[in-house]
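Asker: Shown below is the structure under consideration.
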Amino acid sequence: MSQPPAANDHPPAALPSDQSPNPQQPEAASNPPEPTPTSPPNRPPRPKKKKGPNYALLHSSPLPLSTHPLPPFHPSHPLSLLHLCYTYLSHLLSPPSSHPTTLYTGYFSPQTRSVHITDPRTMRALWEMGFFGKGTLSRSEPSWLERESAKVLAERAGEGVGRGGAAEEATRRRREERRLFKLERARVERGRIERQRAVEEGRITVEEAARLGAGDEGKVGGDGEVGGGGREEEQPLLGTGAPAASLTDGGGQLLDPASAQAEPSLAPGNTIAPTSTGPTEPSVNENPTHPPNPAEQHPELNIPNQEHLQLTLEEAFFLSFALGVLEIRPYPSTTTSTTATPDPNLTPTTLLGLFTAHSTFPPTLTPTPTPPIATLPPDSPFLLAYTTYHHFRSLGWVIRPGVKFAVDYLLYNRGPVFSHAEFGVLVLPAYTHPYWSSAAGLEHRRKGNGGRREGKDWWWLHCVNRVQSQVRKTLVLAFVDVPPPYCEVAAGEGEGGQGIAGLLRRYEIREFVVKRWLANRSRD
Amino acid sequence: MADMDEDTIPRSGPPAEDIDLSEETQDFRFLAAVSNEDAKIPKRGEKDFEPHATALQSNTLAASRLAMHNALSFQRAHQPKGYTTATYHPESNKAYALNPKGPLFAKMGHVLSSKDDPLGDDELRGNRLWLLPEEVLYLIERGTLDVRWPADEDDDDQECLPMSLQGAYAMFIGDEESHEGALTFERYSVYSGLKRMGYTVQRAPSWDGPGTPPGPDCYAPLPQQTWQPGLFNISHWWKTLFASQAAGTPEEQSGDQLVQPGLYRSYADIYRRLSLVAWRDPTTAHMLSQQATILADAGLRITYHVWKPGSQTFKKSAPGPPDFRIAVVNGRETSMPSLQQLSSLMDTVPYTPPKEDGQLYQKLRYGYKNVILAVVDQGVVSYLRIADAAFGRERLYERKAKSFNGKRGGRGGGRGGRGRGR
C-alpha cells in the first residue's frame, strides 16, 4: 500500500503494522497506481492531499522541439477526414517549424566551464523538455525563486501559507523527523544500558528493570521503524495526481479536458496533446498543471532571481549542434570596445574547439580561436563524454550527470521525476586502432595520462559496483573506441564525411553490464 | 520532487538478491550448542557499536570468542568409511587412485585411454582414475583421500610414504611450473570455493593456452533469407505519403546542425536524425573464415567450466554445455581489462541472446554474451558477471511509439487499419 507523501503538513500517524516491509520500488513499471480501497472503516478519513503537478503533461516533449503530428482518422467519424485534410493542407501551405522562433541564448563561462542560462523562459523550457541543466541554487530543478517567495510569504503571514511543492522543503522536513527519531532512539538505548548496569550492580531487581523498559520500547519499535514519517522517504516522490506517469511505456492515458475539446473526433480517454501548436512556448502562468507559484501570485515581492540554469558542456553542445535550439555567446566582458562584434554567437565548430580546450584543467587554449577539427586530440575528455552523451540521447534515454553516485552519467527512462535511474554509465576510452600501439600513439597516450599508469584497478571497480548495488542501479561500462587523429589516417580510409558529424561518426561505443555474481544464490 | 534518486536513501540496505551470507561474520555460539550435526546457516548476531561497560556485553563477547576458538580447533580426521588411497605420479604431477568409491568421484577424475595413460596399458588401466592437481588438493583438504609417494624399487611390499598436506601443496601448486602446469593459488582458491558450494568444476579448453578457436555457436546466427512475396503494406504507403517534409537526407547535413528546422510528425523522426555514433551490434557479428584465427588474450581467458549442483545433464563422459564460464584473474597483478581483452574474451563465449519479448531492463541486463570474472585478491574471491549489452538495439523512442500506436489505432494508418480488426 503505497502512500505518497503529503504536500501539506499533515503528520502521518504511526502505522507500523500495515505498511509493506519493502516499500521502495525503484522500477516504475512495478509501481502500480492503485487507490487504497483496503483502509479499515474505523480509521478517521484522511485529509485531502494537495495534488502535485501533472508531470506527464508538463514533460510531454522529450526534446525542446515541437512536432506536428496529423490528427488520427476514425472511419466512424466522417468529420475527422475533413480535419485531417485541413491540417495536411495547412501544413503544406504554411509549414510550421519545429524550432522556436527566437532561439534560446546561453552564455559560456570559462571560470565554471559551463554554459549559463539566465532567461526564465529558457530555463523552464530546457528543464521541462528534456531535463537539461541544473539550477545553481537548487538541487536540480531551478526552484529557488519559488522557495524564496514562499519563505518570505511564510514569514509575513507567520504560519499557515501553503508552502510550495518544492522538493527541498520535503527533504528538510524529512530530515528533521529523522533527526528527532534518532535522538529518541539514542535516549531509549541509553536508558536500557543504564537499567542493565543497575541490575548488575544489584541496585534494582530484574523485574523492576523489565517494567521500566516496557514503557520505552513501545515508542521506538526497533531499528528502522520511524512510524509513518520514515515511510515517506522510501516512496518514490511521484506527484499524487499523476498515476499514469509511473508507466515505463509512456502511457498515453492523460486526461486533459482543455485539449480534448479542441479535437472533435477524439474518443474519450484518447488524448496526448495532438494539437499543432507544440509546447515551444511554455509559459508558466498559463499552464494549468503547474503548481501555483508564489512568486507569480505576489509580484509585489519583487525578489530578483539570483539563480540561473547551468548546462554542462556536453548538454550545451548537444543543444547547439545536434538540435540547433541554443545560441551560445561569450559573456560580454566589461572591457570590450564600443564597436560591437559582428556575430557574437559561437558556431558549433568554434564551440568544439573551445569545449575541448576547457575539458582539461588548466585549459589547453590554442593560439587561434577556431582550431581546425583535424588538430583536436580525439581522446580529449570532452569528446569522449560527448560521444557517449549523444549516443544515449539519440536512443531516447534522458541522460544526466551522475557524480552523486560515483559514475559519469545516469540513464533515466523518461526523466528524474518519473522514476529512478536504472543505469549508471562509466565512460572508458579504448585504443584498438593499430595507430595507438605505434610509438607516436603510445607517446600521445602517455602524455594524456600525465605519466600515470593507464588503466584502473580492480578495487576502484568494486567500489563503484558496490555503490551502484546499494542504490539499486546497474553499472554499465561504456567503452569508447577512439579513432586515430585525422593526420594519421591513411588517405584511403573512409572517414564518414566532413565536419563535426564526420568526426563523431568515427567513434564506436560498446557497452558492458557489470553485476555481482553470488555463487550461493546461483545454485539452482 | 524533481530528483527522486536523491530523495530516497535506501533504508533497507542492499537488495535481497545481493546479500551473501557467507561474507558476513558468523556467530559461532550456535556451534557450541550443536556438536556434530549439520549446521544451519547462522543468523547474524546483534551488532553493538561501542563498549558500554555492562557485564552482559563482555560476557557475550567472551562466549562468542570461545565458541569460535572451539570450532576452529576441531581436529580434522579421516573417516574410516570412504577411505581412499591414491599414489602420486611425479612425471605428470597428478595422482591416481584404483577404483575409488564414493559420490565425489562420480564427478571428478578421468580414466585415461590406453595411449594417454603414462603407466601404460596394463590390466588396471580401466580402474585407474587419474586426478588433476586441484582435485587432489581439494580431496586431501576434505579428508577423503590419502596420497602416498610412489614406491621405490626396494620396499614395494610396505605401505608407501604418506604425503603430508604441506607436501601436497608444495608439489601440486609449487611445482607446477616445472611440469608446465597452470595451476596457481588463485585458481585453486576459486576451484575449492566453488566445489565446497556444490558446483561441478572442470578445466576449460583454454586452461593453459588459446584453446579451441571460437565455433559457430559463438556468433549470432545468420539471418534467414525468406522471400516475402510483395506484402506492400498499405499503412506503410500511407505513412510515406505523409512523411516528414523536412530537409533532405541526413548525409548532406550542413556542418552546423544535425536537426534542421522543418516539419516533423513525431519525435521518432527527430531521434532518427540524431543517430550518428556507431555502436557495436553483437547480432551482426557473424562467423567469417578469417575470424577463426582470433586468439584469446593471455591475460584473460576462460579458466573453468562450471555446472550447477543439481544439474541432471552432467556426465563425466559427456558433460554438455556448462552453466557458467569463469575466468580467474589475479586482482593484485592485473588492472581492469581493456576493450581488446574483454572483446577477445567475449569472442570465445557462446552467443545467448535474451528473449525477444522480455522487459526492457531485463533484456539489457541479461546481455547477448556473458562471462563471469573471478577476481582473487590474496585469497578473497569476488565474482563479477560481465554481459555484452547492446543499448543500441533497444530504441526507447520506438518502444514508446509502438505503445502509442497500439492504443490509438495508428496515426495515418486508419484507412488501412480498418480491416485489421483494431
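Asker: Are any of the pairs A:473/B:308; A:134/A:456; A:51/A:473; B:315/B:355; B:101/B:195; A:51/A:151 more than 23 Å apart by Cα-Cα distance, and if so, which?
Answerer: Over 23 Å apart, Cα to Cα: A:473/B:308; A:134/A:456; A:51/A:473; B:315/B:355.
Asker: What does the structure give for B:361-368 when I average, per residue, the other chain Cβ atoms found within 10 Å of the residue Cβ? Write down the numbers at each step before the final one.
Answerer: Details: counts 7, 0, 0, 7, 6, 2, 4, 0.
Partner Cβ neighbours, averaged per residue: 3.
Asker: Separate question: If amide H atoms are built 1.01 Å from N in the plane of the peptide, which residues on other chains or at least 5 residues away come under 5 Å of the amide H of residue B:94?
Answerer: Those qualifying (amide H under 5 Å, at least 5 residues apart or on another chain) are B:89.
Asker: In square nanometres and to one decimal, what's the mean projected area of the convex hull around the Cα atoms of the range B:270-395?
Answerer: The number I arrive at for the range B:270-395 is 11.3 nm².
Asker: Would you mind computing the Rg to Rh ratio of the range B:139-218 from its alpha-carbon coordinates, Kirkwood style for Rh?
Answerer: Checking Rg against Rh, the ratio lands at 1.09.
Asker: Return the long-range amide H neighbours of residue B:377 (sequence gap of 5 or more, or a different chain), with a cut-off of under 5 Å between placed amide H atoms.
Answerer: For residue B:377, whose amide H was placed from the backbone, the distant partners under 5 Å are B:331, B:382.
Asker: Counting only other chains, what is the mean number of Cβ atoms within 10 angstrom of the Cβ of each residue in peptide B:187-198?
Answerer: The shielding value for this peptide is 1.
Asker: Whole-Hz Karplus ³J(HN,Hα) for the range B:342-353, in order, using 6.51 cos²θ - 1.76 cosθ + 1.60 and θ = phi - 60°, x for Gly and Pro?
Answerer: With the stated coefficients, the range B:342-353 comes to 5, 6, 6, 5, 5, 5, 8, 9, x, 8, 10, x Hz.
Asker: Working only with C-alpha atoms, what are the Rg and Dmax values of the range B:80-183, expressed in angstrom?
Answerer: Just the Cα atoms of the range B:80-183 yield Rg and Dmax of 13.3, 36 Å.
Asker: In peptide B:50-57, what is the residue-averaged number of other protein chain Cβ atoms found within 10 Å of each Cβ?
Answerer: For this peptide, the per-residue mean of nearby foreign Cβ atoms is 4.
Asker: Now a separate question. Give the separation of the Cα centroids, the range B:84-107 to the range A:118-133, in Å.
Answerer: 73 Å
Asker: Continuing with the same structure: Out of residues 5 or more away from residue A:328 or on other chains, whose amide H comes under 5 Å of its own, with H placed 1.01 Å from N in the peptide plane?
Answerer: A:106, A:346
Asker: Considering only DSSP beta bridges whose two residues both sit in the range B:80-183, what percent are antiparallel, to the nearest 5? Kindly include the intermediate steps, with their values, before the conclusion.
Answerer: Numbers: 10 of 14 bridges.
Once the DSSP bridges in the range B:80-183 are tallied, antiparallel ones form about 70 percent.
Asker: Okay, next question. So what are the ³J(HN,Hα) numbers for the range A:313-321, from phi and the Karplus equation (6.51, -1.76, 1.60; θ = phi - 60°), rounded to whole Hz, Gly and Pro as x?
Answerer: Along the range A:313-321, the couplings run 4, 5, 4, 5, 5, 4, 5, 7, 8 Hz.
Asker: Which chymotrypsin sites (Phe, Trp or Tyr not before Pro) from the range B:47-103 combine a DSSP loop assignment with at most 11 other Cβ atoms within 10 Å?
Answerer: B:49, B:74
No lab work stands behind these numbers, since they all come straight from the coordinates. Remember, predicted model here, so these are calculated numbers, not experimental data. Neighbour counts are summed over all protein chains in view; Cβ atoms, including those assigned to glycine, are modelled from backbone coordinates with ideal geometry.
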